[in-house]
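Novice: Have a look at this one before I ask anything.
Where a number appears in this text, it was derived from the coordinates with a stated rule and is not lab data. Just so it is clear, the structure is predicted and the values come from calculations on it, not from any experiment. Cβ sites come from the backbone with ideal geometry, for glycine too, and all protein chains shown count toward neighbours.
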Protein chains: 2
Amino acid sequence: MQQILLTILLLTLSLSGRAQADYPPLFASTLAGAQEQVDAAMEQAFLVPTPVDMAGGYTHEVHKQNWKTLENAGALYRLTGEEKYAAFVRDGLLQYAEAYPTWPLHPTDRSYATGKIFWQALNDANWLVYVSQAYADIYDWLEPAVRTKLNTELFRPMADFLSVENPQFFNRIHNHSTWGNAAVGMIGLVMDDEELVQRALYGIPASELPEDLRDDDSGRIVSESGRAGFLAQLDLSFSPDGYFTEGPYYLRYALSPFLLFGRALAEKRPDMNILAYRNSILGKAIDALLLEADPRGDFFPLNDSQKGMSLYAPEVVKSVDYGYALYGRDPGLLSLAREQGSVTLDKEGLLVATDLAAGKARPFQPHSIAFTDGPDGDEGGVGILRAYGQGDEQTTLVMKYSAQGMGHGHFDKLSYSLYDLTGEVIQDYGAARWVNIDQKGGGRYLPENQTWAKQTVAHNTLVIDRTSHYEGDIRIGENHHPDLYAFRADDTTFQLVSAVSENAYDGRKLQRAQWLLQDTAFEHPVLIDLFRATGERPAVHELPTWYMGQLMRTDFGYTTENILQPLDSAHGYQHLFLEATGRPDADMATIEWFGNGRFYTQTMATESGDEILFVRPGANDPEFNLRRDPGFLLRRADVASSTFFSVLESHGSYNPREEVARDPFGTITGLRILVDSEPYTALEFTHQSGTTWLILFSNATADPDQEHTLNINGQSYQWRGVHHLIKQ
Amino acid sequence: MQQILLTILLLTLSLSGRAQADYPPLFASTLAGAQEQVDAAMEQAFLVPTPVDMAGGYTHEVHKQNWKTLENAGALYRLTGEEKYAAFVRDGLLQYAEAYPTWPLHPTDRSYATGKIFWQALNDANWLVYVSQAYADIYDWLEPAVRTKLNTELFRPMADFLSVENPQFFNRIHNHSTWGNAAVGMIGLVMDDEELVQRALYGIPASELPEDLRDDDSGRIVSESGRAGFLAQLDLSFSPDGYFTEGPYYLRYALSPFLLFGRALAEKRPDMNILAYRNSILGKAIDALLLEADPRGDFFPLNDSQKGMSLYAPEVVKSVDYGYALYGRDPGLLSLAREQGSVTLDKEGLLVATDLAAGKARPFQPHSIAFTDGPDGDEGGVGILRAYGQGDEQTTLVMKYSAQGMGHGHFDKLSYSLYDLTGEVIQDYGAARWVNIDQKGGGRYLPENQTWAKQTVAHNTLVIDRTSHYEGDIRIGENHHPDLYAFRADDTTFQLVSAVSENAYDGRKLQRAQWLLQDTAFEHPVLIDLFRATGERPAVHELPTWYMGQLMRTDFGYTTENILQPLDSAHGYQHLFLEATGRPDADMATIEWFGNGRFYTQTMATESGDEILFVRPGANDPEFNLRRDPGFLLRRADVASSTFFSVLESHGSYNPREEVARDPFGTITGLRILVDSEPYTALEFTHQSGTTWLILFSNATADPDQEHTLNINGQSYQWRGVHHLIKQ
Ligand SMILES: [Ca+2]
Ligand SMILES: [Ca+2]
Ligand SMILES: [Ca+2]
Ligand SMILES: [Mg+2]
Ligand SMILES: [Mg+2]
Ligand SMILES: [Mg+2]
Ligand SMILES: [Mg+2]
C-alpha cells in the first residue's frame, strides 16, 4: 500500500497542493518544521527595520531571519497550495519594496563592498539568493501590477546594486563574487531579465569597468584570465575533479551559491545543460565534498578548518540531495540524508525522501581517491586511502600534497592524518579559531593560527632545521606545490599514496610513501610510512606524530622534565613545551597509546643518536587559545639525508564498563630498512607469528609498466611497477 | 494479543521448558545470547587444566570461562528443559570432581589465601558462587549417585577449603569474606547441607580459630565485634541506608555476592526473610548504588574509582533486576534495564522483561538524597542534590563529607563535583589507575594515586597551607569524619546541602553550604557555593575548581608562564604546573569556559590581594600517568579565617556543525557577601535584569524550627530554619 503510494509519487512528482500526509516521512517532517516556523512568524508583525547593525546585531539578525522565513513560506505555498503563504511572501516583499529604495548605503562602512540591507554586500547577495527562490514560488500567482512593482522597484535595483554598482564585489574570481553572480542570475531567471542573466553568467565586461578598480587587498579586480561571472567561477574555482584549494571546510561554505544558481539554470535554461558544464564540475564538487570526511562524517580539518564540521551539518543537505537527484542517484547518499534528518523542500529532496522510504538506501562507503589541486589539476593534490576492515569498518588515511590553499593554507606539505571509526587517530590540528564565539577574539582567527596552526611542526610531516615549509612565507608557498608520485588503490588490501616535494626546503627533496595494508594477521588495516629526505648539507630532521590519546608505554627509556620550557623560538616551536626526552635503541622504537577505546602501537626504525621528544602545545599562549594535545618528534640531527620508516597498528579494545583489556599489545616484533638507495627502498617488518612483509619501492619511477630488479642479501627480486609486496 | 500473552506469562511465571519465542523480547534475546555462547562451547572439548597461571594466564582464563559457561548452561536447562544442557553441566562437574581432589594449593603462592583453582581463594569463591547456581539448576535432574559423588568429592571439600581451611579468608568483615560466605552458603543450600549454611551465615566460631590468626596486613582475624559470616557482613558493610564507605565503584563490585546469596536464601529459607533483614538493607544497598550515578549513568568517581563505570555495566544488571523485582517495582528501573540491554536469566529478569514489554517503563529520575556513612550511620556521609530543569534535564551536585573510606579513601572532605546531561562539569579526578591494563603498572594503582589522586588539592575543596586533610595520613583520617549540617531538598527549586569538618585541619572549622537554585532567570540550575574556614593562625587558603573544558575568558588580567614549574613540593602540589597567575579586582572575578557543547560562567567574590592560579597536573609524572585537565585555585594568603562565595551558571550552546553561539555569556552582574559573622552569613547576587537574590544562612544552628532575626543595612529580616531565600 505504502509502496504503491510511493510509486505514484515517483511517477507524478508534481509537488503542488498536496497535504503533508501524502509526502514520504522525511520530506513531510522537513515540511512540517518549515510550516511550524512560518506559522509562528505569521503570528508576529513582519518587520523590515532600517539597517544599522553589524553581524549579530538586531537589524542584521532580523533581515537574516526574514530571508529564511520568506524562503520557507514560498516553499509552503508551492508544496501545499495554501494562498496565505503566497500572500505572506507578497506582503513581505512589498514592505521591502517600500523601504529598500529609501535606504542609503549601510552606515557601518566597514567592508570593501558595503551593502544596503547588511554591513557587507555579501550578505545582501545571500538575501537575494534565498528570496529569489521565494519570489519564484509565487511569481505566477502574483497580480501583474504587483509583479511589475516588485521587479522594477525592488529586485532590479538590488541586482544592479550588487553588480554594476559594486563591480569590486561582483567581478572577482572569488567566492564572494559567486554569491553576487548567483543572486543576480537567480533573480534574473525569475523575472526573465536576460540582461541580468547574461551579467551573472559572464560578469561585467572589463571594458565597462574603471581601469584601476582594486579589491580590499589592492589587487586589480580584472583577473589574470580577464574573465568574470558564474561560468568563470565554475572554471577557475575548482580543480578538474572538484577539489577546492582551501579544503572541505571552505568548500562546504562556498558550494551553496554554485548549487542554487546551477539548479535554477538547469530548470530555466535547460538548453545550457549547466549540470554537465565542465565535465559535470558541480557534481564533482559535491563528490569532492562528500569524500573529504572521516568515518564519523567530520570533514578532514585541512588548512584553516574548525573541527567538528560534518557531513551532517545543515549546510550539506543540499549537496547530498542534489548530488543524489542530479548526479547518479548513488544509494549511499540516501544513508547520509537519513542521518541528516532533513531534505531540501524541492523535487530533489522529494526524490531523496521517496527513495529512502522505498528502502533504496545503502551504506555510505566512500572510496579511495586522489584529488588534484589547481584549476588545471596540475598543482599537487590530496590523496585519500580508505580500507574497509572487519565489519566494514573504515580506516582512512589522508595525505596532503596540495598547493598552498591561498590565505587559508597551511605549511603542511606531505603531511598526513589518520582516522578510524572512533575518529581522529593521528590528527591534523586544524585552525586556532572558535568561529562565532565572541569571547575568543570576536570569533576571528586567533594569533596562534598563524604562529602555531599553520606551521609545519603542527602537522605530521618532516621539519628540517625547525623551519616551516617555504620558510613559512605564503608568497613563496603560492609559487610551489608538491606533486603526486604514485597512487594505487585497485588492490584494496595494499593501497599506496606517494608524493614528492622539491621546493618545501631549498636544496632538499622530500618523498613520502604511505600504505594501508589489510592482512588477516592484523585486526585493523596497518599504516606503513616511508619518508625520505635527501639533501647536501647536514640538518636537523624532526618527524612529528600527533597522536590522540594517553601514552601507555614505550620500549625505550625517557626522562621527563619537571621544569617545562619552550622547545625553540619560532616556526611553531615556541608553542611547544618539551615534556620528556627519550633515547631509543639504535634499531627500533615502539610507542603505545590508548585513545577512544582502542590501543595503538607505532613501531619506528631508529638509528644511533636518534631522540624522541615528547611535546605538547601551550607555551607562549597568553590567552589559553591552544589545545594541550600530545605529540612526539622523532629527531635525527646532523644528517644531510635521512629515511624514516614506521608501522602503526590499531588493535584491541577497552571499555571501562567491562574493564577487560582485549589485545592491548602490538604484534610487530621487528622492522628495518633493508635497502635505501636513489633508485630503491626496501622495507621489512615482522609479525610475532614470524610472518614477514617485504615492501620493495621504486624511488625513481612510478611507471606501472617498468620492470625492476633488486638484489638484497644475495637474493634477487623482480617486479613490475612502483611497488611490490612479499609476505613470507 | 501480545498483551494477553504477557498477562499469561505474568500469571504463571513458570520458567521451565518454554521456547524462546514465548519470552518477552529482552529476556529472549538475553537467553539467545547465552545459548549461542554455550552451544559454541559444547562444540569444543570441556577443559579442566591443572591450575598454574596468574590472572590473565591460560589456566586462569579457562577456569573463569568455565564458571560462566556452566552458569549459562544451567540456566538454559532450567529455561528450555533441553537435557543436553543438564548433561553438559553434569559432565563438566564430573571432570572437576576427578581433578579437584588431586590438586595441591595453587603453585603461585602470592596471596594471603592461596586458592586451588586460581591463585587466590577469592577467585575459587567466585567460581563456586556461579557454579552453585548451575548445580542448583540440574540438582533434581541428576541421578542420586552422581549427586552424591559431586557433593562429597567436589563441593563439600571445596566449601571446607574456602572456610575452615582458610579462616583468614573466610572470617573477616571484608568483601573477600562475603564472597567466601556466599560461596559456602549457596552450595550448602543446593546440597541442603545445614552445617555449611550455618557456617556461611555466622562464620566459624572464634573459639574454633587459632588464637593469633592474622590477615595479610597482620591484623587479627577475629573482628572487634567478634562476629563473622554473611549476617555480620550485612550488618557491618553498609551504613543503615545502604551507603558503602568505599563509594559506588567498589559497591558495584562488592554487591554481587550479597545479592546472589541473598536471593538464594530468600528462595530456600523464606522463613529467614533475608530480603527484609536490617530494614531491607539489600534493597537499600541497591538503591544506594543506583542513586550514585550522574545524568549519563556514570558512577560518581568518589575515592578510588576508575571513571566510566556505569549503571549500564553488565555487573549492574542484577542490581536493577533484583531491585525491581524484589524491592518496590520502581518503573524507573525498567528504563535502566532497557538501556542495559539484558536481564538476569531468572524469574526476576523475566518479570523485568515482561513489564518492560508491557510498556510499564518510566524515565529513571533519581532524587536528591543524603546518605549517611558508617555502620551506625553516624560518620558523615554524601549529599546528592538533583534538580530537573528544562526538558527534565538533570543537574547533579555531589558533596562528600563521608568517613575516610578505608584504604581506597581520598582526603576530600567537603569536596564537591557537578554533573549535567553532558557529563562532568566540575570533576572529581578519580583514581590514578588503568584497571586491568597491563602497560600501566600491571593494571594496579599507580604511584600517582597516592601522591596526586588522593590528595586534597586534587579535589574541589579548600586546602590550607598546601597540606592535605588529616595531614594526608589515613591513620588520622580513619579516626575522624565531617558531619552533615543541613540537607533540604523538599523545595526542589532551592535545595541545600551543608556539612562541617572540625578535624580536617587542626584548630580550624570548615563549613560548606551549597545550593542548587532553579529560577526562570537561568536556563539551567545554578550552583551557589559558600565555604567558611575559621581558625586562629594566619594561613594560605586555596580553593580549587577543576573545571572540564576550554578556558574562554576572564574579567581580570593574568600573566601566563612560558617556563612551567611545579607549584610546590608535596601533598599533590608537586604534580601541578603553574600556567598563569591572575590578579582579580577586590570585589569579584568571573571565569568563563566552554565544555561539551555548553558555556559555563563562575562568578566569585574576591578580596584585595586574592590571586587566581591556573594549574594543570603533569609535573613529577615520570611515566605520563596523569591526565592534563585544567583547574584554577582561588588563593587568599595570610588570613586566619576566610569565606568564599561563588555562583556557577550553565548556559547556551555551541555546535560546530551550526557554528551559532547561543547565550555564550553569563548573566550575573554582581555578587557579594553582605554579612559574615559567627551566627549568620548573608549572600547576595544580581542578575543582569536587575533581579537580586539574597540568601540568609544560619551558621550556628540548622534547627528547622529556630526563628532568626538579622539586620542588614538597617533592614530587619526574619525567618525560620537554617536558610532563607529572598528574590527581589
Ligand atoms: Ca586580492
Ligand atoms: Ca587488615
Ligand atoms: Ca571586577
Ligand atoms: Mg593544518
Ligand atoms: Mg605545476
Ligand atoms: Mg577523589
Ligand atoms: Mg562519629
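Novice: List the distances, in nm and shortest first, from the label point of B:LEU674 to the matching label points in every other copy, placing each point 7 Å from Cα along the Cα-to-Cβ direction.
Specialist: Relative to the other copies, B:LEU674 has label-point distances of 8.4 nm.
Novice: Give me the distance between the Cα centres of region A:578-633 and region A:61-95, rounded to whole Å.
Specialist: 56 Å
Novice: Continuing with this model, one more query. Could you let me know the centre-to-centre spacing of region B:26-49 and region A:299-371, using Cα atoms, in angstrom?
Specialist: For region B:26-49 versus region A:299-371, the Cα centre distance is 42 Å.
Novice: Give the peptides B:578-587, B:642-651 in descending order of average Cβ contacts within 10 Å, highest first. Kindly include the intermediate steps, with their values, before the conclusion.
Specialist: Details: B:578-587: 17.6, B:642-651: 22.9.
Ranking, from highest mean packing down: B:642-651, B:578-587.
Novice: OK, next. Sorted from shortest, what are the nm distances separating the label point of A:ARG720 from equivalent points in the other copies, each placed 7 Å from Cα along Cα to C-beta?
Specialist: Computed spacing set for this position: 9.9 nm.
Novice: Can I ask one more? Taking other Cβ within 10 Å of each residue's Cβ, how do A:HIS687, B:HIS367, B:HIS469, A:HIS571 sort, fewest first?
Specialist: Placing the least packed residue first, the sequence is B:HIS367, A:HIS687, A:HIS571, B:HIS469.
Novice: How big is the gap, in Å, between the Cα center of region B:666-728 and the Cα center of region A:120-175?
Specialist: Region B:666-728 and region A:120-175 have Cα centres separated by 60 Å.
Novice: Could you give the C-alpha radius of gyration of region A:320-411 expressed as a fraction of 2.2 N^0.38 Å, taking N as the number of residues it contains? Numbers along the way, then the final one.
Specialist: Working: Rg = 16.7 Å, N = 92, 2.2 N^0.38 = 12.3 Å.
For region A:320-411, the normalised Cα radius of gyration comes out at 1.36.
Novice: For a protection proxy built on the mean count of beta-carbon atoms within 10 angstrom, sort B:494-501, B:31-38, B:456-463 highest first, please. Could you put the intermediate results ahead of the total?
Specialist: On the way: B:494-501: 24.4, B:31-38: 17.5, B:456-463: 27.4.
Ranking, from highest mean packing down: B:456-463, B:494-501, B:31-38.
Novice: Right, next: Two decimals is fine: what's Rg over Rh for region B:369-663, C-alpha atoms, Kirkwood radius as Rh? Write out the running numbers ahead of the final one.
Specialist: Working: Rg = 18.7 Å, Rh = 19.7 Å.
Taking Rg over the Kirkwood Rh, I get 0.95.
Novice: Here is a further query. For region A:25-97, which chymotrypsin sites (Phe, Trp or Tyr not before Pro) are in a loop by DSSP, counting at most 10 other Cβ atoms within 10 Å? Could you put the intermediate results ahead of the total?
Specialist: Working: sites: A:PHE27, A:PHE46, A:TYR58, A:TRP67, A:TYR77, A:TYR85, A:PHE88, A:TYR96; in loops: A:PHE46.
Passing sites in region A:25-97 do not exist.
Novice: Give me B:VAL722, A:VAL382 ranked fewest to most by other Cβ atoms within 10 Å of their Cβ, as a rough exposure proxy. Mind showing how you got there, number by number?
Specialist: Working: B:VAL722 23, A:VAL382 27.
Result, fewest neighbours first: B:VAL722, A:VAL382.
Novice: Additional query: Between their Cα atoms, which of A:LYS360/B:LYS347; A:LYS84/A:LYS149; A:LYS360/A:LYS400 are more than 32 Å away from each other? Walk me through the numbers before you get to the answer.
Specialist: Values: A:LYS360/B:LYS347 43 Å; A:LYS84/A:LYS149 20 Å; A:LYS360/A:LYS400 35 Å.
Correct reply: A:LYS360/B:LYS347; A:LYS360/A:LYS400.
Novice: Straight-line reach from A:LYS116: which aspartates and glutamates have Cα under 16 Å away, leaving out those fewer than 8 places along the same chain?
Specialist: A:ASP53, A:GLU61, A:GLU98, A:ASP124, A:GLU153, A:ASP160, A:GLU165
Novice: To make sure I understand, if each residue's beta carbon is the centre and we count other beta carbons within 10 Å, what order do B:ARG433, A:ARG444, B:ARG657 fall in, fewest to most?
Specialist: On the way: B:ARG433 20, A:ARG444 12, B:ARG657 16.
Result, fewest neighbours first: A:ARG444, B:ARG657, B:ARG433.
Novice: Starting from the alpha-carbon convex hull of region A:521-600, give the projected area averaged over all orientations, in nm².
Specialist: 8.0 nm²
Novice: Which chain B residue puts its Cβ closest to the axis that rotates B onto A, and at what distance in whole Å?
Specialist: Taking the axis that maps B onto A, the answer comes out as B:LEU564, 2.
Novice: Still on this structure, please answer the following. How large is the convex hull of the Cα atoms of chain A per residue, expressed in Å³ as a whole number? Numbers along the way, then the final one.
Specialist: Values: hull volume 135.8 nm³, N = 728.
In chain A, the Cα convex hull volume per residue is 187 Å³.
Novice: Which value does Rg/Rh take for the protein assembly as shown over its C-alpha atoms, Rh per Kirkwood?
Specialist: Values: Rg = 35.6 Å, Rh = 36.1 Å.
My calculation puts Rg/Rh at 0.99.
Novice: Determine by what factor the alpha-carbon radius of gyration of region B:667-728 differs from 2.2 N^0.38 Å, reporting the quotient. Each step should come with its number before you reach the end.
Specialist: Details: Rg = 12.0 Å, N = 62, 2.2 N^0.38 = 10.6 Å.
In units of the 2.2 N^0.38 Å rule of thumb, it is 1.14.
Novice: Compute the distribution of all C-alpha to C-alpha distances in region A:402-520, in bins of 10 Å from 0, and list the percent of pairs in each, rounded to whole numbers.
Specialist: Once binned at 10 Å, the Cα pair distances of region A:402-520 give 13, 36, 32, 16, 3, 0.
Novice: In nm, one decimal, shortest first: how far is the label point of B:ASP663 (7 Å from Cα along Cα to beta carbon) from the matching points in the other copies?
Specialist: Computed spacing set for this position: 4.6 nm.
Novice: In this model, which of B:LYS307/B:LYS509; A:LYS307/A:LYS454; B:LYS64/B:LYS307; B:LYS284/B:LYS307 are farther than 22 Å apart at the alpha-carbon? Present the calculation step by step, with values, prior to reporting the outcome.
Specialist: On the way: B:LYS307/B:LYS509 31 Å; A:LYS307/A:LYS454 15 Å; B:LYS64/B:LYS307 25 Å; B:LYS284/B:LYS307 24 Å.
The answer is B:LYS307/B:LYS509; B:LYS64/B:LYS307; B:LYS284/B:LYS307.
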